[in-house]
Amino acid sequence: LPTFTPETRQALETLKEAPPVPGVLDVIRHRWSPRAYSDREVSSADLKKLFEAARWAASSNNEQPWRFLLGRRGDETYAKILNALAEFNQVWAKTAPVLALSVARKAFVSNGRANRFHLHDTGAATANLFLEAFALGLRSHAMGGFDPEKARASLAIPQEYEIGAVMAIGYLGDPNTLPDQLRQREESPRERKPLEEIVFSSWETPAQL
Ligand SMILES: Cc1cc2nc3c(=O)[nH]c(=O)nc-3n(C[C@H](O)[C@H](O)[C@H](O)COP(=O)(O)O)c2cc1C
């Protein structure tokens with residue numbers, strides 16, 4: 001295997017950067033979702049920062065519907081989250097030292113009414129977490145490929161909470177450790193729809209920006 005030198009790492013990180021747009025924050029442009037993680041553990045101090053960042057996200061009625069189950073390599077929660085993952089995610093996610101699961105309270109605590117924004121706001125908190133992670137030198141990767149009811153059962157998550165997404169967190173590892181197909185994706189540039197397709201002045205008419 002070719003070795004993962006600081007130079008090849010830098011080349012990979014550069015390949016993953018969104019093209020520069022003046023005024024767009026570097027953490028937003030540079031964040032990406034790797035599948036290869038190194039052995040390096042994540043400190044409790046850094047994990048605390050990630051969840052602090054999540055905590056300060058905006059939410060409807062300041063409900064803060066998000067909850068997170070945190071698994072660290074070797075503990076039971078980690079094993080349960082890993083076990084709920086689809087095999088196509090297990091193959092790489094098992095290299096990450098941290099696996100977490102987001103869940104969202106479905107109803108407002110104050111009046112019991114359905115909170116239409118529970119997953120929306122939990123996603124916003126997760127986005128904060130991912131950006132904070134990137135800024136700390138950590139990398140992260142969200143996953144929907146898992147069995148939510150398996151996770152609910154093994155982690156004893158009450159029905160009042162919707163199952164959100166799994167996330168892998170850790171430090172970047174060597175893409176050469178991945179199976180061929182995943183390695184190719186690891187080494188492909190990131191892509192997005194153009195603004196014209198997502199920002200409208202009236203329905204499907206691109207906003208003039
Ligand atoms: C809710 C959600 C679910 C995802 N599920 C998976 C998954 O099951 N497996 C996987 O490898 N990547 C998964 N991804 C990662 C996306 O494919 C990735 O974020 C997207 O391709 C954009 O790439 P980037 O994050 O590197 O910019 C998921 C991302 C999100 C936000």
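Worth pointing out:
- Selection within segment 1-60 - within 18 Å of Thr177 (Cα to Cα), within 15 Å of the ligand (Cβ to nearest atom) and polar (S, T, N, Q): Ser33
- Answer residue from segment 57-68, given it is farther than 13 Å from Gly123 by Cα and in contact (Cβ under 8 Å) with a residue 40 or more places away in the chain and is most open to solvent (accessible area, probe 1.4 Å) among those: Asn61
- Scan of segment 132-146 for residues that are assigned to a loop (DSSP other than H, G, I, E, B), under 25 Å from Leu25 (Cα atoms) and either within 11 Å of the ligand (Cβ to nearest atom) or open to solvent by 40 Å² or more (accessible area, probe 1.4 Å) (or both), ordered by number: Leu136
- Some residue of segment 71-87 being within 22 Å of Pro175 (Cα to Cα), within 14 Å of the ligand (Cβ to nearest atom), surrounded by fewer than 16 Cβ atoms within 10 Å (Cβ to Cβ) and not acidic (Asp, Glu): yes
- Subset of segment 18-56 [free of Cβ contacts under 8 Å to residues at least 40 places away in the same chain, open to solvent by less than 90 Å² (accessible area, probe 1.4 Å) and in a loop (DSSP other than H, G, I, E, B)]: Val21, Gly23, Val24, Ser43
- Within the set Ala57, Ala96, Ala79, Ala104, the sole residue that is within 25 Å of Pro34 (Cβ to Cβ), touching a Phe, Trp or Tyr at 6+ places or on another chain (Cβ under 7 Å) and small (Gly, Ala, Ser) turns out to be Ala96.
- Scanning segment 147-171 for residues that are outside any loop (DSSP other than H, G, I, E, B) and open to solvent by 30 Å² or more (accessible area, probe 1.4 Å) yields a total of 8.
- A single entry from Thr14, Thr5 fulfils the requirement of being open to solvent by less than 60 Å² (accessible area, probe 1.4 Å) and free of Cβ contacts under 8 Å to residues at least 12 places away in the same chain: Thr5.
- Selection count where residues are out of contact with any helix residue (DSSP H, G or I) (no Cβ under 9 Å at 6 or more places or on another chain) and open to solvent by less than 60 Å² (accessible area, probe 1.4 Å), scope segment 176-199: 2
- Scan of segment 109-131 for residues that are over 19 Å from the mean Cα position of the chain (by Cα) and either open to solvent by less than 70 Å² (accessible area, probe 1.4 Å) or of a type outside the set (Gly, Ala, Ser) (or both), ordered by number: Val109, Asn111, Gly112, Arg113, Asn115, Arg116
The values are calculated or read from the model by the stated rules, or taken from the named source; none is laboratory data. None of the values given here were measured: they were computed from a predicted structure. Ideal geometry is used to build each Cβ from the backbone, glycine not excepted, and the neighbour counts take in all protein chains shown. Side chains included, ligands, DNA and RNA excluded: accessible areas come from the protein's heavy atoms. Shrake-Rupley method; radii C 1.70, N 1.55, O 1.52, S 1.80 Å.
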